[in-house]
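J.: Following this message is one structure expressed as structure tokens.
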Amino acid sequence: MNEAFVVRDLYPVLPELVLAVGAMALLMLGAFQERAATAINWLAILLLIAAGAVIFWLPAERLEAFGGSFVLEPYARFLKLLALTGSATAILMSLDYLAREGQNRFEYPILILLSTAGMLMLISAGDLIALYLGLELMSLSLYVVAAINRDSVRSTEAGLKYFVLGALSSGMLLYGASLVYGFTGTVSFAGIAKASANGGLGLIFGLVFLFAGFCFKVSAVPFHMWTPDVYEGAPTPITAFFAAAPKVAGIAMFMRVAIDAFPDIVPQWQQIVVFVSIASMVLGAFAAIGQRNIKRLMAYSSIGHMGFALVGLAAGTPEGVQGVLVYMAIYVAMTLGTFACILSMRRDGRMVEEIGDLAGLARTNPTMAFFLAMLLFSLAGIPPLAGFFAKFYVFLAAIKAGLFALAVIGVLASVVGAYYYLAIIKIMYFDEPAKPFEPMPYQLKAVLAVSGLFNLLFFVYPGPLVEAANAAAKSLF
């Protein structure tokens with residue numbers, strides 16, 4: 001009887017166990033079979049798909065493990081599937097790059113698997129200790145992956161910057177967690193929610209430090225300083241991974257802590273989120289204008305997009321959370337598609353990263369130019385593409401919550417941000433053609449086709465994603 005109970009108790013943790021045990025098995029395979037790197041990449045993708053299948057297989061009701069430290073409900077399922085999709089696509093997109101650059105090391109997919117296991121744990125965390133364990137498992141793998149190209153000074157510098165600033169942010173988050181524990185006497189979100197009804201200055205201090213740590217992880221202003229350097233310095237497929245999956249986990253953690261642990265002091269944390277959101281949107285819009293390197297431009301773009309996503313959280317309502325979930329799903333699709341194009345920017349056997357290298361792409365590769373233009377229009381939020389609906393849902397939630405100024409500033413920041421996306425489209429369609437790029441590998445073609453068509457055709461049938469996000473948002477309240 002006791003044994004059966006233990007096995008059932010582990011049901012919610014099965015996806016994480018699949019990834020962790022699978023990563024250890026692949027590590028053994030890589031250690032004993034030096035030439036197995038390509039096979040390990042494919043096996044890692046299969047493991048991520050298997051973890052997603054397990055999430056579908058588990059019963060639909062709310063499940064808890066380890067005394068409520070670990071929670072699996074529709075909210076966690078939605079975001080876990082999104083994070084797994086981002087990680088699997090990132091590995092798929094890196095296959096050709098790693099082979100051509102001579103960096104086909106078996107450690108790379110294993111580190112992504114371990115990082116993804118940390119993300120899944122983070123998304124399901126029901127108390128501060130589980131949250132910190134998930135966060136560190138995710139982050140430690142990310143630090144190593146950023147510096148995986150040991151022969152490149154830029155990659156090593158990116159990893160070191162990320163590690164030093166990441167350690168600082170983890171310290172702030174831990175200090176905030178210890179203050180919250182000190183003033184509430186509990187680490188569980190349900191317990192903190194009960195104790196936080198009385199408020200108190202000490203608890204607010206703890207909340208501010210917690211949110212500072214979260215802002216770093218989602219690269220929101222004022223803790224965004226690492227993002228452009230790490231995006232530019234890390235190998236391009238790893239930048240694509242950073243821009244997608246860890247952002248999903250970071251936003252998931254931000255929302256769960258704000259809404260699960262501090263539901264009775266919404267006005268206090270709402271001020272922080274509104275400030276961070278406005279600052280991120282404005283900085284993302286203006287700082288990207290002068291960029292010449294497309295990876296740095298995508299870094300500022302992602303800072304801006306995290307600001308837009310936080311507009312939904314600032315509302316603090318189920319509609320707001322639904323808006324954020326729709327936003328993150330569309331954001332991941334847009335970002336991965338754009339990075340599939342950036343990974344195709346290869347000329348004379350080496351990668352090129354300057355925006356000027358896209359000159360005249362419409363004449364040398366019209367299909368890639370069309371899809372990239374559609375993705376950039378979508379990132380700018382131009383209707384009827386998916387990116388427009390992403391912004392529409394978060395702004396609508398903010399207006400319903402009475403945050404009119406936030407919504408207006410968001411729309412104005414979108415207009416400014418549209419300038420630098422349109423500038424790239426102008427270079428592709430109206431400038432004199434540069435030397436054509438090398439042919440696009442089939443993996444990147446597949447990713448670009450799927451994400452491009454999703455963005456183009458989302459308005460035809462948005463129902464399934466919106467309804468899934470609605471069910472997920474309601475399960476958090």
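The values are calculated or read from the model by the stated rules, or taken from the named source; none is laboratory data. Everything numeric here is computed off the predicted structure, so don't read it as measured data. FYI the Cβ positions are ideal-geometry reconstructions off the backbone, even for glycines, and counts take in every protein chain you see. SASA here: full protein model, heavy atoms, side chains in, ligands and nucleic acids out. Shrake-Rupley method; radii C 1.70, N 1.55, O 1.52, S 1.80 Å.
Okay, residues lined up against (1) under 24 Å from the mean Cα position of the chain (by Cα); (2) under 30 Å from F189 (Cβ atoms):
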site: A23; (1), (2): yes, yes
site: A37; (1), (2): no, no
site: A53; (1), (2): yes, yes
site: G68; (1), (2): no, yes
site: D96; (1), (2): yes, no
site: S115; (1), (2): yes, yes
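J.: I'm checking my understanding of the structure. Among residues of region 173-210 that are in contact with a Gly (Cβ under 8 Å, 6 or more places away or on another chain) and outside any helix (DSSP H, G or I), which one is surrounded by the most Cβ atoms within 10 Å (Cβ to Cβ)?
T.: S188
J.: Could you please let me know if F477 is within 30 Å of L313 (Cβ to Cβ), at pLDDT below 90 and out of contact with any Asp or Glu (no Cβ under 7 Å at 6 or more places or on another chain)?
T.: yes
Let's see how each residue does on (1) under 30 Å from E64 (Cα atoms); (2) part of a loop (DSSP other than H, G, I, E, B); (3) not aliphatic (A, V, I, L, M):
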position: G410; (1), (2), (3): no, no, yes
position: L422; (1), (2), (3): no, no, no
position: A434; (1), (2), (3): no, yes, no
position: F437; (1), (2), (3): no, yes, yes
position: K445; (1), (2), (3): no, no, yes
position: A473; (1), (2), (3): yes, no, no
position: F477; (1), (2), (3): yes, yes, yes
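J.: If you don't mind, there's one more thing I want to ask. Restricting to region 211-262, name every residue that is among the β-branched types (V, I, T), open to solvent by less than 10 Å² (accessible area, probe 1.4 Å) and assigned to a helix (DSSP H, G or I).
T.: Answer for region 211-262, where residues must be among the β-branched types (V, I, T), open to solvent by less than 10 Å² (accessible area, probe 1.4 Å) and assigned to a helix (DSSP H, G or I): T227, V230, T236, I238, T239, V248, I251, V257.
J.: Just one of (1) among the small types (G, A, S); (2) more than 16 Å from G387 (Cα to Cα); (3) open to solvent by less than 20 Å² (accessible area, probe 1.4 Å) trips up A362, so point out which.
T.: Of everything listed in (1) among the small types (G, A, S); (2) more than 16 Å from G387 (Cα to Cα); (3) open to solvent by less than 20 Å² (accessible area, probe 1.4 Å), A362 misses just condition (3).
J.: I've got another one for you. Can you name the condition, by its number, that A158 falls short on among (1) modelled with pLDDT of 90 or more; (2) open to solvent by less than 30 Å² (accessible area, probe 1.4 Å); (3) under 30 Å from W42 (Cβ atoms); (4) not polar (S, T, N, Q)?
T.: (1)
J.: Somewhere in region 297-309, is a residue touching a Pro at 6+ places or on another chain (Cβ under 7 Å), open to solvent by less than 10 Å² (accessible area, probe 1.4 Å), assigned to a helix (DSSP H, G or I) and in contact (Cβ under 8 Å) with a residue 12 or more places away in the chain?
T.: Yes, there is a match, as at least one residue in region 297-309 is touching a Pro at 6+ places or on another chain (Cβ under 7 Å), open to solvent by less than 10 Å² (accessible area, probe 1.4 Å), assigned to a helix (DSSP H, G or I) and in contact (Cβ under 8 Å) with a residue 12 or more places away in the chain.
J.: Listed residues F205, F286; which is touching a residue at least 60 places away in the same chain (Cβ under 8 Å) and among the aromatic types (F, W, Y)?
T.: Checking each option against the conditions leaves just F286.
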